[in-house]
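Report on one structure; see the data block that follows.
The values are calculated or read from the model by the stated rules, or taken from the named source; none is laboratory data. The structure presented is a predicted model; accordingly, all values stated were derived computationally and were not measured. Glycine gets a Cβ as well: all are built from the backbone with ideal geometry, and neighbour counts include every protein chain shown. When the accessible area is computed, the model is the full protein with side chains, heavy atoms only, and any ligands, DNA or RNA have been set aside. Shrake-Rupley method; radii C 1.70, N 1.55, O 1.52, S 1.80 Å.
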Amino acid sequence: SENTGVTDVVFEPDNPDVLYDATYQRRRHAWSMIDGGPESGIYKSTDAGATWTRLHSGLPSVDLGRIGLAVSPANPNLVYATVEAAQKKGGIFLSRDRGATWEKRNDYDQGAMYYATLFVDPRNEDRIYVMGVMIQVSDDGGKTLHMLNTRSKHVDNHVIWIDPHDTDY
C-alpha cells in the first residue's frame, strides 16, 4: 500500500531463485508516525520473485514493525530475523527449515526503524551480528547476545563485513 514497502531482501546462497523479503508499514510526517502495522511481515519466493508467500508459523501474530533478515551462508536451511513487534513480542527469530516455521530465540527488540540488520558468519551458522547503536554478537544462534568490542570507534552501526576466509576479521 502507500504506507508499506520492502526494507530487506536476501536470497539463499545455493539457490538465488529463493528470496526472502521483509515488508515494513511505515509513514513519517512532522505530525505523526506509523511505525509498523498489519502489512509488515516476512515473505518468501521460490521463483525469483514472480510470486510471494507470507510466512507466519512461529512469528508474532501482533502488528510487526521493522524486520531484518539473513540466510546462513554455511547452512541455507537457517534463516534469521530480527523482528520489531507490538506488545513486546519482538526479538531474534530463527527458522531451521527455510522459513516454514520460526522460533523465538531472544527478546532483543531494539525498536529502531533504521537498524534492523543482521549478518551471519560465513562459516559458523550459529554466530550472528545484530546492528544497532552497539553491535551485538551471538555465538549460539541468537539465544544470547553480547556487545562486540569496538575500541576507538563511534557508535551507530549499520553494516559489517566478515572476511569469508578469516571470519575473525
So Tyr114, is it of a type in the set (Ser, Thr, Tyr) and open to solvent by less than 70 Å² (accessible area, probe 1.4 Å): no
Conditions (1) closer than 30 Å to Val155 by Cα; (2) out of contact with any strand residue (DSSP E or B) (no Cβ under 8 Å at 6 or more places or on another chain): number failed by Ala50: (1)
Unmet requirement for Asp126, which otherwise passes all of (1) modelled with pLDDT of 95 or more; (2) in contact with a Leu (Cβ under 6 Å, 6 or more places away or on another chain); (3) in a loop (DSSP other than H, G, I, E, B); (4) closer than 30 Å to Lys153 by Cβ: (2)
Evaluation of Lys88 against (1) over 22 Å from Gly141 (Cβ atoms); (2) surrounded by fewer than 18 Cβ atoms within 10 Å (Cβ to Cβ); (3) modelled with pLDDT under 95 (one fails), failing number: (1)
Conditions (1) at negative phi; (2) out of contact with any strand residue (DSSP E or B) (no Cβ under 8 Å at 6 or more places or on another chain); number of the one not met by Glu12: (2)
Residue count, region 10-63 (criterion: surrounded by fewer than 16 Cβ atoms within 10 Å (Cβ to Cβ), among the basic types (Lys, Arg) and under 19 Å from the mean Cα position of the chain (by Cα)): 1
3 or more residues of a type in the set (Val, Ile, Thr): qualifying strands (runs of 3 or more DSSP E) within region 3-44: 4-12
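Here's the yes/no breakdown for (1) under 17 Å from Pro73 (Cβ atoms); (2) among the aliphatic types (A, V, I, L, M); (3) touching a strand residue (DSSP E or B) at 6+ places or on another chain (Cβ under 7 Å):
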site: Phe93; (1), (2), (3): no, no, yes
site: Asp97; (1), (2), (3): no, no, no
site: Asp109; (1), (2), (3): no, no, yes
site: Thr117; (1), (2), (3): yes, no, yes
site: Glu125; (1), (2), (3): yes, no, no
site: Gly132; (1), (2), (3): no, no, no
site: Ser138; (1), (2), (3): yes, no, yes
Hits in region 129-140 - residues which are open to solvent by 20 Å² or more (accessible area, probe 1.4 Å) and in a loop (DSSP other than H, G, I, E, B): Val133, Met134, Asp139, Asp140
